[in-house]
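Some notes on the structure that comes next.
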Amino acid sequence: MEEFAALAGVSRPTASKYFENPESIGLRSKNKIEQALKVFDYRPNLLASRLMKKETRTIGVLIPSLSDPFYASIIKSIENAAIHYGYSVLIECAHGQAHLEDKAIDNFLAIKVDGICYAPSGMKKIEGKLKQLQKEYPLIFIDAVFAGVRYSIKNNNTQSIEILTDYMISKGHKPAYFPMPNVNSSSDERYDAYIALMKKNRLTAQLIPVEKSTTWSFEAWAHDETVKLIKSNSFNFESVICANDRIAFGMISALYNYGCLDKSGPNYRDIAIAGHDNHPLSQFTCPPLTTAEQDVQSMGLFAVQKILSILGIKKFKLKNHIKLDAKLIIRDSA
């Protein structure tokens, strides 16, 4: 940058200020720099410059799966908020593997990101490291949590399962529950909420019998578990609440493949189905899926605002632990 500043006829600090914010310098200096940029192919190393200032204006985002559009929507909301406040986003994915989670955290620390938004993959091996890290670093848990975390922004799973269960009951159903693999805290929270709500309504809880798993291939797992039940004549449920939309996708696929959704066929079953999350594809299933829509936009915004508050850059009145209510989305499946 020093050489470019000399060629432009301005001081190095002035050039540096221009690349951080063009409106922060005088018009004459600004014109000189912009004329020089037309002549010379110069691109500043903003990361190096920010590292010298002990800030990168970058937020790290660590997610457990790239194949799930739900996490893509979370990334989008974080990125929109970050851009609004003059920050960029660096994304890492653990693919459900503990050693990749560990490496991603080390990468963030090496680059000196200003804060981290972390969606847990459920790997316990890194839990101790994160608990220590959060004592000295802005680390915001999103979507799910570990015990003892300092800051979290997530869906209110009790409320979202409640609106789904109450809706199904209001339609005259006694819904069964199709759990999700035990990959994070949402699994237990949603299951516990369902059990409590059925008890509150004096109805017998029906847990669909499936094998325990920690896979992130939710659709394939739910499909295969549903096929097992169909083949053994054990899928005898008139209504089902699925722990998330991807579980519903797998179940619906299996039911379709075995003719259970074909009204003209001998295996047809009139089944009311609800999911959870409002996955981007949930409106395009056949039939379109009733679900609970998470407030992803607020999740991303509050995560960024919490990081800025911890850093002392901005002041936002946010609790350390935020639970966001979901919205019932009614479609043809229920």
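For the reader, a short list of remarks on this structure follows.
- Check on L281, more than 21 Å from P175 (Cβ to Cβ), surrounded by fewer than 21 Cβ atoms within 10 Å (Cβ to Cβ) and at pLDDT 95 or above: no
- Restricting region 146-188 to residues that are of a type in the set (D, E, K, R) and either in contact with a strand residue (DSSP E or B) (Cβ under 9 Å, 6 or more places away or on another chain) or surrounded by fewer than 19 Cβ atoms within 10 Å (Cβ to Cβ) (or both) leaves a set whose member that is nearest to N320 (Cα to Cα) is R150.
- Some residue of region 294-307 being within 26 Å of G172 (Cβ to Cβ) and surrounded by fewer than 19 Cβ atoms within 10 Å (Cβ to Cβ): no
- Qualifying residue in region 193-202 (condition: more than 26 Å from F141 (Cα to Cα) and part of a loop (DSSP other than H, G, I, E, B)): yes
- Scope region 12-30; condition out of contact with any Lys or Arg (no Cβ under 7 Å at 6 or more places or on another chain) and over 16 Å from Y42 (Cβ atoms); matching residues: P13, N21, E23, G26, L27, R28
- For region 96-118, a residue qualifies if it is in contact (Cβ under 8 Å) with a residue 60 or more places away in the chain, in a loop (DSSP other than H, G, I, E, B) and under 19 Å from D68 (Cβ atoms), and exactly one does: G96.
- Residue under evaluation S213, criteria (1) surrounded by fewer than 18 Cβ atoms within 10 Å (Cβ to Cβ); (2) in contact (Cβ under 8 Å) with a residue 24 or more places away in the chain; (3) farther than 23 Å from G96 by Cβ, criterion not met: (3)
- Check on F237, within 30 Å of A94 (Cβ to Cβ), surrounded by 17 or more Cβ atoms within 10 Å (Cβ to Cβ) and either aromatic (F, W, Y) or touching a helix residue (DSSP H, G or I) at 6+ places or on another chain (Cβ under 7 Å) (or both): no
- Hits in region 39-81 (condition: farther than 25 Å from E293 by Cβ and at pLDDT 75 or above): V39, F40, Y42, T56, R57, T58, G60
- Within region 1-41, restricting attention to residues that are within 41 Å of the chain's Cα centre (by Cα) and part of a loop (DSSP other than H, G, I, E, B), the residue that is nearest to G86 (Cα to Cα) is N21.
- Members of region 131-145 that are buried (at least 21 other Cβ atoms within 10 Å of the Cβ) and either of a type in the set (A, V, I, L, M, F, W, C) or assigned to a helix (DSSP H, G or I) (or both): L139, I140, F141, I142, A144
- Test: residue in region 240-250 that is assigned by TED's automatic domain parsing to the domain that holds N184, surrounded by fewer than 20 Cβ atoms within 10 Å (Cβ to Cβ) and assigned to a helix (DSSP H, G or I): no
- Qualifying residue in region 146-156 (condition: touching a residue at least 24 places away in the same chain (Cβ under 8 Å), on the phi > 0 side of the Ramachandran plot and assigned to a loop (DSSP other than H, G, I, E, B)): no
- Odd one out for A193 among (1) among the hydrophobic types (A, V, I, L, M, F, W, C); (2) out of contact with any Asp or Glu (no Cβ under 8 Å at 6 or more places or on another chain); (3) buried (at least 19 other Cβ atoms within 10 Å of the Cβ): (2)
- Scope region 121-175; condition of a type in the set (K, R), in contact with a helix residue (DSSP H, G or I) (Cβ under 9 Å, 6 or more places away or on another chain) and modelled with pLDDT under 90; matching residues: K124, K125, K129
The values are calculated or read from the model by the stated rules, or taken from the named source; none is laboratory data. Note that the structure is predicted; figures quoted are calculated from it, not measured. Please note: Cβ atoms are built from the backbone with ideal geometry, for glycine as well, and neighbour counts cover all protein chains shown.
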